[in-house]
Amino acid sequence: MSGFEKDTHRDYDLFVIGAGSGGVRASRISAGYGARVAVAEDKDLGGTCVNVGCIPKKLFVYASHYQEEFEDSAGFGWSLGDRKFDWQTLLQNKNREIARLNEVHDTLLSNAGVDLVNGRARVVDPNTVEVEGKTFTATNILVATGGWPSVPSIPGIEHAITSNEAFHLEQLPKRAIVVGGGYIAVEFAGIYRGLGVDVTQLYRGPLFLRGFDDDVRTALAEEMRKKGFDLRFDSNIASIEKTSTGLRATLDDGSTLEADTILYATGRTPNTAGIGLEEAGVKLAKNGAIVVDEFSRSSVPSIWAIGDATDRVNLTPVALHEGMCLASTLFRGEPQMPVHENVASAVFSQPPIGSVGLTEEQAREAYPVIDIYRSQFRPLKHTLTGSSEQTLMKLIVDRASDRVVGIHMLGPDAGEIIQGFSVAVKCGATKSQFDATIGIHPTSAEEFVTMREPVSS
C-alpha cells in the first residue's frame with residue numbers, strides 16, 4: 001500500500017544524488033514502496049564506508065592486530081617461527097573484497113528496480129537534475145553526497161595524504177606521521193603501528209577524541225603510549241617539505257620530524273560544493289552542510305538530504321536510518337523523524353572504544369545528581385600474556401530515575417559488547433535492572449552487570 005500519488009509528468013518520484021550507504025538504502029526502500037527511483041553516482045557504489053571508510057579500515061585493523069596476537073600466544077605455549085607482513089597481499093585481498101561489495105550494491109539497486117545513472121549530478125532547479133548533459137525531472141530530489149577529507153592550507157600540504165589515499169598506498173611506509181585527534185587519526189595510527197610502522201601522532205589539542213568520555217580518552221592515551229606510540233598533544237605541523245629521504249615536517253615549535261608518509265585526518269566536510277544547491281535555493285551551513293528539518297527536508301520543499309552531507313551524526317548506520325525514515329515519510333504515508341539520541345559508536349583504536357549515551361560531562365549538565373560506576377582491570381587473557389593492558393568500563397546513572405544514561409568501554413571487543421548494551425540504554429534500563437541481570441562468566445562484559453558501588457556522584 002503506497003502513501004503517495006505518482007506524478008506521471010515527471011521522470012521519477014525520487015532522484016537520489018549519491019549511491020553511498022544512505023542513498024542506496026533510501027533508493028531501495030523507496031522503490032519497494034512503489035516509487036520510481038533513480039540514483040546518480042560518479043564514483044564507486046557504496047560511498048565512503050564501502051570504499052575508503054568503515055569496511056577497508058576494519059580489514060586493515062584486523063591485519064594490524066596479528067603482531068600483538070603472535071606475541072601474546074607465547075604465554076599460552078605457542079612457539080612461532082619467522083614471520084613477515086606483506087602489504088601487497090593485504091592490499092590485493094582488500095581490493096577484491098571491495099570490488100565484490102560494489103557488485104553487491106549494483107545488484108541490490110537493480111533487483112529493487114532502481115535506475116543507476118553513472119556520472120556527476122547537478123541540481124538544475126527544485127525538480128530537475130542534470131547528469132553528464134542529460135536532464136531528469138523528479139518530484140523529489142535527495143542529496144546523499146556524504147563528506148570529504150579536509151586539510152589545512154599550509155606550505156607543502158600537497159605532499160601529505162588523507163584517508164582516501166591511505167587505502168591505496170603502493171608501499172607501506174617505514175615512518176609515518178598521523179595528524180589529527182579524531183577517530184580516523186587514532187585508528188590509522190593503530191593500523192600503522194600494528195603493521196610495524198614507526199608512528200608519531202600529532203594533535204593540536206590537549207587530548208584526542210574530543211566528544212568521548214574523558215576517562216576513556218585518558219586511558220586510551222596511556223595504553224597507546226605503553227604500546228610504543230609517540231603521541232604528541234598540543235602539537236601541530238607548520239610546514240612540510242620533500243627531501244631526498246622522504247618528508248620533513250616542521251612543527252609549530254620549530255622542531256622537525258622525518259617521515260615517509262604524512263597522513264592528515266583533521267576532519268571531514270560535507271561534500272556539497274559545485275552541485276547547484278545554492279543556486280536552487282538550498283540553505284547551507286558555513287561548513288557546507290545542508291540545513292534540514294527534523295524530517296530531513298531542506299529549505300526547498302522538494303529537496304531532501306541525509307547522511308554526512310547534513311553533518312548531524314556522521315555514522316553509516318545513522319545514514320541508513322535516515323534513508324529508511326525518508327522513504328517512509330515520502331512514499332509510505334508514515335512520516336518518520338530520524339532519532340539521533342543514544343546512538344552507539346565504536347573507535348577501532350588499539351585497544352578499541354565502545355560508547356553509547358551521555359559522557360560524564362554531558363550527564364552532569366543534564367541531571368542534578370548522577371552516580372558513576374567505574375572498573376579498571378587486567379583482562380583474564382593477559383594474566384598469561386604478561387601484557388599490562390588495562391580494560392576500562394564505566395556506567396553513568398541518573399540517580400533520580402535510576403536509569404543508565406551512558407555506557408563507555410575501552411578494551412578488546414568493546415564495539416561488540418556495547419552494541420548489546422545499547423539496546424538496554426535505548427529501552428531506558430535502570431541500574432537495578434542491570435544489577436538483576438546475571439553475568440556470563442568469565443567475560444569482560446559481565447563487569448557491566450556486577451558493578452555495585454559508585455565511585456563518585
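To the nearest Å, what is the center-to-center distance of segment 196-223 and segment 67-120, using C-alpha atoms only?
The distance from the Cα centre of segment 196-223 to that of segment 67-120 comes to 27 Å.
Counting helices only, and only those DSSP H runs with n ≥ 4, report the 222 nm mean residue ellipticity of the chain as the sum of -39,500 (n - 2.57) divided by its residues, in deg cm²/dmol to the nearest 500.
-9500 deg cm²/dmol
Nearest 5 is fine: what % of DSSP beta bridges in the chain come out antiparallel, could you say?
Working: 48 of 80 bridges.
Looking only at bridges with both residues in the chain, the antiparallel portion is about 60 percent.
Please grab the % of Cα pairs in segment 51-162 that end up more than 21 Å from each other.
That fraction is 66 percent.
Which order do the peptides 50-62, 403-415 come out in when sorted by mean C-beta neighbours inside 10 angstrom, highest first?
On the way: 50-62: 19.5, 403-415: 23.5.
Highest-to-lowest ranking by the protection proxy: 403-415, 50-62.
Starting from the Cα-Cα distance between Gln67 and Ser302, subtract it from 0.36 nm times their residue separation and give me the gain in nm to one decimal. Numbers along the way, then the final one.
Numbers: separation 235, 0.36 × 235 = 84.60 nm, distance 5.25 nm.
Answer, rounded to one decimal: 79.4 nm.
Working with all protein chains in place, sort Met451, Met324 by solvent-accessible area computed with a 1.4 Å probe, largest first.
The most accessible residue leads, giving Met324, Met451.
So what are the ³J(HN,Hα) numbers for segment 293-308, from phi and the Karplus equation (6.51, -1.76, 1.60; θ = phi - 60°), rounded to whole Hz, Gly and Pro as x?
Result, rounded to whole Hz: 8, 5, 9, 6, 8, 7, 5, 9, x, 8, 10, 10, 8, 9, x, 5.
Could you state the accessible area per residue of segment 187-227 in Å², with a 1.4 Å probe and every protein chain left in place?
Solvent-accessible surface per residue comes out at 38 Å².
Would you grab the residues whose amide H sits under 5 Å from the one on Val300? Only those 5+ places off in sequence or on another chain, please, with H modelled 1.01 Å from N.
HN-HN under 5 Å from Val300: Lys283.
Of the listed pairs Lys84/Lys242; Lys84/Lys174; Lys84/Lys227, which have alpha-carbon separations greater than 23 Å here?
Lys84/Lys242
Quick check on segment 1-72: take the gyration tensor over C-alpha atoms, sort the square-rooted eigenvalues as a ≥ b ≥ c, and tell me if it's rounded (a/c under 1.5), prolate or oblate.
prolate
With only alpha-carbon pairs counted, each pair once and no self-pairs, how large is the Kirkwood hydrodynamic radius of the chain in angstroms?
Values: mean 1/r = 0.0416 Å⁻¹.
In the chain this quantity evaluates to 24.0 Å.
Given a cut-off of 19 Å, what percent of all Cα-Cα pairs of segment 309-457 lie beyond it?
Roughly 58 percent, once rounded to a whole number.
Given the C-alpha centroids of segment 130-176 and segment 437-457, what is the distance between them in whole angstrom?
Segment 130-176 and segment 437-457 have Cα centres separated by 43 Å.
Tabulate in residue order the Karplus-calculated ³J(HN,Hα) for segment 427-437, using 6.51 cos²θ - 1.76 cosθ + 1.60 with θ = phi - 60°, rounded to whole Hz; enter x for Gly and Pro.
7, x, 4, 9, 5, 5, 6, 4, 4, 7, 8
Scanning the chain for helices, which whole DSSP H stretches are 27 Å or more long along the axis (Cα) and average 1.6 or more by Kyte-Doolittle? Display every interim value, and only then the final one.
Working: long enough: 54-73 (28 Å, -0.60); 87-112 (38 Å, -0.75).
Qualifying helices: none.
Can you give me the Cα centroid spacing of segment 1-41 and segment 243-296 in angstrom?
Here the answer is 30 Å between Cα centres.
Can you give me the long-range amide H partners of Leu231? Hydrogens built in the peptide plane at 1.01 Å from N, cutoff under 5 Å, separation of 5 or more residues or another chain.
Long-range HN contacts for Leu231: Gln201.
At 7 Å along Cα-to-Cβ for each site, give me the label-to-label distance between Phe377 and Lys134 in nm.
6.2 nm
Return an integer: the convex hull volume of the alpha-carbon atoms of segment 199-244, in Å³ per residue.
78 Å³
When ligands, DNA and RNA are left out and all protein chains stay put, how many square angstrom of accessible area per residue does segment 389-457 have with a 1.4 Å probe?
On a per-residue basis, 46 Å².
Can you give me the accessible area per residue for segment 61-122, using a 1.4 Å probe, in Å²?
For segment 61-122, the per-residue accessible area is 68 Å².
Hey, can you grab everything whose amide H is under 5 Å from the amide H of Ile370? Only 5+ residues off in sequence or another chain; H modelled, so Pro and N-termini drop out.
Distant-sequence amide H within range of Ile370: Arg399.
For the chain, what % of the accessible area comes from carbon and sulfur atoms, probe 1.4 Å?
Exposed carbon and sulfur together represent 50 percent of the surface.
The values are calculated or read from the model by the stated rules, or taken from the named source; none is laboratory data. Note that the structure is predicted; figures quoted are calculated from it, not measured. Here Cβ is always computed from backbone atoms with ideal geometry, including for glycine, and neighbour counts include all displayed protein chains. Ligands, DNA and RNA are excluded from the accessible area calculation, which covers all protein heavy atoms including side chains. Shrake-Rupley method; radii C 1.70, N 1.55, O 1.52, S 1.80 Å.
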